[in-house]
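In what follows, a single structure is set out as structure tokens and then discussed.
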Protein chains: 2
Amino acid sequence: MLDGLTISIDAMGGDNAPDIVINGIEYFLTHEGAGRTARFLLHGDAEALAPLLDNAPRTRERSEVFHTEKTIAMDDKPSQALRKGKGSSMWNAIASVKGGQASIAVSAGNTGALMAMSKLQLRTKKGVQRPAIAASWPNLEGNMTVVLDVGANVECDAAQLTEFAILGEAYYRAIYGKSNPSVGLLNVGTEEGKGNAVIKAAHSRLAESQLGLNYIGFVEGNDISKGSVDVVVTDGFTGNIALKTAEGTAKLISSFFSEALSDNLWSKFTTGLNLVALRKLKKKMDPRRANGGVFLGLNGVVVKSHGGTDAIGYATALNIAMGLAESDFQNAIDARLDALHDEDDNIGFIS
Amino acid sequence: MLDGLTISIDAMGGDNAPDIVINGIEYFLTHEGAGRTARFLLHGDAEALAPLLDNAPRTRERSEVFHTEKTIAMDDKPSQALRKGKGSSMWNAIASVKGGQASIAVSAGNTGALMAMSKLQLRTKKGVQRPAIAASWPNLEGNMTVVLDVGANVECDAAQLTEFAILGEAYYRAIYGKSNPSVGLLNVGTEEGKGNAVIKAAHSRLAESQLGLNYIGFVEGNDISKGSVDVVVTDGFTGNIALKTAEGTAKLISSFFSEALSDNLWSKFTTGLNLVALRKLKKKMDPRRANGGVFLGLNGVVVKSHGGTDAIGYATALNIAMGLAESDFQNAIDARLDALHDEDDNIGFIS
């Protein structure tokens, strides 16, 4: 039995697993996680992991390997993964949370398979219809904005959006330590009466509620990057498209700048002189800083690292996992969900 | 009677109207529009326009002023605008298209009011259920991507999305001169089976059709900036949020770069040496380059310039208007819509 917080790891999930997984844990234990008492249950191929652990002494000291040869491919469909995936490294990583051996699971594997297995094993929390995936986004205020759902549910009703508000708010408090983060509902305008029937119903429900949420009403697409709101609630269709549109735009604008700065020899030379500033910039724009989609609304927490991430990005996902494991955010969610559904009964809310 | 192409102008619409409108026309006639035979019907306050026209000799020579004192405010609701807006500069600009005196109308006024008045006066084209707003987006290939709908319809069915594909494709050909632009449907993934029921039905309809559209299937949010597709079809809710999210992200990334480049005296100095490259960049990223949302699917074309634009941005909207007025894209749309609905009848398509 390991003491301290225990994190369950799908060591074989991800484009460059298991290498980036072990290197990511080692990086975490050397940097953000230094001095923290985390322990790791490593689910994966013991033979492949052994030489990696030889080069990762901090990780080796704090880990236990649970051997399995079965893995889930990055392109397996969720239904395939469920059918043939029992006993895989991904399945077993979640099973450790279900069994209470670990407080949280981390995987850089296939998102659809991970969500399907998480739902099947951990089950949806009482008072939540469907889990959501939350993503973090840097903003102009120098903080992070949390957006959910970014892809688990292509269609949502008003009751689900209301639940997402509670999940996202508790998550924001746990990870970013802000006591009363603001929550907005993503819409095509901020005026009353904008949007479709679902959005309007969710807005009325949140505006009327006495749950103590800092609900600020409708927000628009540009508010995500502006930092005018901490938690942005939306359905998984819109959230996914917003996230990917933002990624694409960030690449576009960065490429415009890179081209301009290396346009000719003279600008290459002067840009070279600017290296310190550019290095700072690179750090600021590093997508690894925001790595880690979190599955919320289950009886247990699962953190999804980007499949193509490297060790530093993986360490960011571990940092989020640690922050969540150390907080009591699941209890905070339960309390508020109870209050929400009591209120639903009182006001006769049916979405 | 004026000869050549005639464009009808809402001279009072926009945050800085009528100044930017007149200066925008003058800029257009001095640059892109030099040598073209455009004429302008200026709807607005003759007294306010007179001194501006004194300083805009090219515009004065090619314009006729139609006096009205009535204007639509930027924050008037569409319903208010319809009630009290008859005879306003915006109303009259559209009326000139309806009456055949002008081929196209341009306004930098209130979008909701402009759409409501355009629908009421011009009516929706035969074979189109609802008009859409198309926006242009720069992409990594150095071209433009057209996205529609970006806000006219918060909910769309499959038949509407199919019609938007036809509208957007014809628009792309008219404006960017590409003979067979590709068309994609915005979704949360590119695999078959992704998305909601409406998206799937629209996909089947477009994939089966023999209309000669270069339909490439599902595209994702990041494809908009990548330039992997020319025309992106989506509902007005998703399109609006994608557009605003992209605007916000562009500002965020630009601010990261600006900060990095002016971080300290040394980088200020070396950045100063880089001015030529940075000026080129500024031109590339200029949002005025993409100014002009176009209302498609009506019996007449209306171009909406951004309300806060300046003369150069207004000239871009005029350039789009001219391009459309010179093309036969409305006839191309009619022909393909007829073919679409014949096909609908043959295959018994009901969305």
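Every number in this text was worked out from the coordinates using simple rules, so none of it is lab data. Computed from a predicted structure; not experimentally measured. With ideal geometry, Cβ positions are generated from the backbone for all residues, glycine too; neighbour counts draw on all protein chains shown.
Modelled label positions at A:GLU61 and A:ALA48, each set 7 Å beyond Cα in the direction of Cβ, lie 2.7 nm from each other. The calculated FRET efficiency for the pair A:GLU259 and B:LYS178, based on their C-beta separation and a Förster distance of 25 Å, comes to about 0.60. Using a Gaussian network model of chain B in which every pair of alpha carbons under 10 angstrom is joined by a spring, one finds that among B:ILE133, B:ILE320, B:ILE94 the greatest mean-square fluctuation is at B:ILE320. Each copy carries B:ALA50; placing its label point 7 Å along the C-beta direction from Cα gives inter-copy distances of 9.6 nm, listed from smallest up. Report the calculated FRET efficiency for B:ALA332 and B:GLU32 (r = Cβ-Cβ distance, R0 = 25 Å), to the nearest 0.05. Plugging the Cβ-Cβ distance into 1/(1 + (r/R0)^6) gives 0.60.
If R0 is 35 Å, what FRET efficiency do you get for B:ASP342 and B:ARG83 from their C-beta distance, rounded to 0.05? Write out the running numbers ahead of the final one.
Details: r = 40 Å, r/R0 = 1.13.
Working from the Cβ atoms, E equals 0.30.
Taking only the Cα atoms of chain B, the radius of gyration and Dmax are 21.0, 71 Å.
Annotation: the antiparallel percentage among DSSP beta bridges lying fully within the protein assembly as shown is about 30. Peptide A:145-151 is shielded by partner chain Cβ atoms: per residue, an average of 1 of them sit within 10 Å of its Cβ.
Between A:LEU213, A:ALA339, A:MET117, the Cα set farthest toward the positive side of the dipole of chain A (charges on each charged residue's Cβ, about the Cα centre) is that of A:MET117.
Considering only A:ALA159, A:ALA11, A:ALA207, the mean-square fluctuation computed in a Gaussian network model of chain A, springs between alpha carbons under 10 angstrom, is largest for A:ALA207. Shown for A:GLY193: label points 7 Å from Cα along the beta-carbon vector, and their distances to the equivalent points in the other copies, 4.4 nm in ascending order.
Determine the percent antiparallel among the DSSP beta bridges restricted to chain A, to the nearest 5. Please list the in-between numbers first.
Working: 12 of 41 bridges.
The antiparallel proportion sits near 30 percent.
Counting from the shortest, the label point at B:GLN80, 7 Å from Cα toward Cβ, is 5.7 nm from the same position in each remaining copy.
Counting Lys and Arg as +1 and Asp and Glu as -1, each charge on the Cβ, what is the dipole of the stretch A:67-107 about the Cα centre in debye, to the nearest 20?
Working: 6 positive and 3 negative charges, 37 e Å.
Computed about the Cα centre, the dipole is about 180 debye.
Take each residue in B:233-244, count the other chain C-beta atoms within 10 Å of its C-beta, and the mean is 6. Each peptide in B:52-63, B:121-132 gets a packing score, the mean of other Cβ atoms within 10 Å over its residues, and the list from highest to lowest is B:121-132, B:52-63.
Estimated purely from DSSP H runs of n ≥ 4, each contributing -39500 (n - 2.57), the mean residue ellipticity at 222 nm for the protein assembly as shown is -15000 deg cm²/dmol once divided by its residues. Given the options B:ILE199, B:ILE216, B:ILE104, which has the most mean-square fluctuation in a GNM of chain B, springs set between C-alpha atoms less than 10 angstrom apart? Greatest mean-square fluctuation among the candidates belongs to B:ILE216. Within chain A, helices built from complete DSSP H runs that reach 20 Å or longer along their own axis (Cα positions) and carry a mean Kyte-Doolittle hydropathy of -0.5 or higher are A:158-176, A:236-261, A:311-326. A Cβ-based charge dipole, computed about the Cα centre of the protein assembly as shown with Lys and Arg at +1 and Asp and Glu at -1, lands at about 940 debye. Each Cα pair under 8 Å and six or more residues apart adds its sequence gap; the mean of these over the residue count of chain B is a relative contact order of 24 percent. Loop-resident GluC sites (Glu not before Pro) (DSSP state other than H, G, I, E or B) in the stretch B:129-185 with no more than 16 further Cβ atoms inside 10 Å of their Cβ: B:GLU141, B:GLU155. In units of the rule-of-thumb radius 2.2 N^0.38 Å, the protein assembly as shown shows an alpha carbon radius of gyration of 1.04.
Taking the Cα centre of chain B as origin and charging only Cβ (+1 Lys, Arg; -1 Asp, Glu), how large is the dipole, in debye to the nearest 20?
Details: 34 positive and 40 negative charges, 125 e Å.
Approximately 600 debye in magnitude.
Net charge in the neighbourhood of B:ASP45 (other residues with Cβ under 14 Å of its Cβ; Lys, Arg +1, Asp, Glu -1) is -3. Taking every residue in A:217-224 and counting other chain Cβ atoms within 10 Å of its Cβ, the average works out to 5.
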